[in-house]
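Working notes, beginning with the structure itself.
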Amino acid sequence: MTNPTYEFTRAITRRPASSITDGLRAEDIGTPDLDKMLAAHADYVTALKSTGAEVIELPPLEAFPDAVFVEDTALCLPKGAVLMRPGAPSRLGEVAEMAPTLLQCYDEVREIKGPGFIEGGDILVTEREILVGRSARTDAAGVAELAEIVSDWGHSLREVFTPEGVLHFKTDCSLMDGETILSTKRLDASGCFEGYRVLHVAEGEEAAANAIRYNNLVLMAADFPRTAEMLDREGFEVVQISNTECAKLDGGMSCLSLRF
Ligand code: CIR
């Protein structure tokens, strides 16, 4: 039996465009370097492919500086995909750019029509439920519209809250396996993971929480040695990818792909 929450045969990525220098960021900590980002992106794609998966690599979109962060445009589930409605106005148009690819991959593609907003970065799919964090990008109406769609496919959805000042719910957590979640202490303290086994990222390594389990691998941002060691001790096969450039735009491992 495969576990559809972390065993995948495909992924979709999009190469960063030179307009990435205009990407959204909460705080300006420097301009991302396209060449460095391209190199890290290539390592990321190579890691996904090394698990035997097919990676659909989409071309850069100059008109959308944040389009490399494809995760926010859709939710991919076993029975269908749902096109999101990003709460960042500059990112709304990325959805139409993703739609044709998903229509090729899925028989059923539905969409969040609004008026609510929701971004994929706020959605964590576990074996038992879909957790959606309300945030500055995801509102109650967006969550409610998604809940209706996924209930048709047999999923239950639970609304939770992304901590104040944190971009997305998954900025602070990721799924490691059927029962285990990697989380920052601050997010876990909200009580949203009751009933799960929770591993905390090391103190001071909060940015390590945005990782992905993809088949046999855990892809995590490099430079968080204590969290990497902890995951290794727990028996996970960790691959570290440079995230220095995406981090300047509040992006991490999960944002860079759609996985299904
Ligand atoms: C944004 O602010 O929308 C982008 N600069 C970063 C998006 C990161 N996406 C994600 O965590 N899923």
* To do: With a 1.4 Å probe and every protein chain kept in, tell me what percent of the accessible surface of the chain is carbon plus sulfur.
  => 49 percent
* Structure fact -> Long-range share for the stretch 24-99, i.e. C-alpha pairs more than 18 Å apart as a percent of all pairs, stands at 53 percent
* To do: May I ask you to list the GluC sites (Glu not before Pro) in the stretch 57-118 that are in a DSSP loop and have at most 15 other Cβ atoms within 10 Å of their Cβ?
  => Glu62, Glu108
* Asked: Cα atoms only, the chain: Rg and Dmax in Å?
  -> 16.6, 46
* To do: With a 1.4 Å probe and every protein chain left in place, work out the accessible area per residue of the stretch 63-144 in Å², rounded to a whole number.
  => 37 Å²
* Asked: Hey, any idea what Rg/Rh is for the stretch 64-169, computing Rh the Kirkwood way over Cα pairs?
  -> 0.93
* Asked: When the convex hull of the Cα atoms of the stretch 146-260 is projected onto a plane and the area is averaged over all directions, what value comes out in nm²?
  -> 7.7 nm²
* Structure fact -> The answer for trypsin sites (Lys or Arg not before Pro) in the stretch 84-158 that fall in a DSSP coil and have at most 16 neighbouring Cβ atoms within 10 Å is Lys113, Arg128
* To do: Express in whole angstrom the spacing between the alpha-carbon centres of the stretch 54-127 and the stretch 148-166.
  => 16 Å
* Taking the dipole about the Cα centre of the stretch 1-150, with the C-beta of Lys and Arg at +1 and of Asp and Glu at -1, give me whichever of Ala140, Gln104, Ser50 is farthest to the positive side. => Gln104
* Structure fact -> Between Phe161 and residues 5 or more places away or on another chain, the pairs with built amide H atoms under 5 Å apart involve Arg134
* Asked: Amide H of Ile130: which non-local residues (sequence gap of 5 or more, or other chain) have their own amide H closer than 5 Å, using H built in the peptide plane?
  -> Ser156, Leu157, Arg158
* Backbone HN-Hα couplings from phi across the stretch 236-243 [Karplus 6.51/-1.76/1.60, Hz, Gly and Pro as x] -> 8, 8, 9, 10, 9, 10, 4, 10
* To do: Report the dimensions of the stretch 123-183 along its three principal axes from the alpha-carbon atoms, largest first, rounded to Å.
  => 32, 28, 11
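The values are calculated or read from the model by the stated rules, or taken from the named source; none is laboratory data. What you see is a predicted model, and the numbers here were worked out from it, not measured in a lab. Cβ coordinates were reconstructed from backbone atoms using ideal geometry, including for glycine residues, and neighbour counts include every protein chain displayed. Remember, those area values only see protein heavy atoms, side chains included, never the ligands or the DNA or RNA. Shrake-Rupley method; radii C 1.70, N 1.55, O 1.52, S 1.80 Å.
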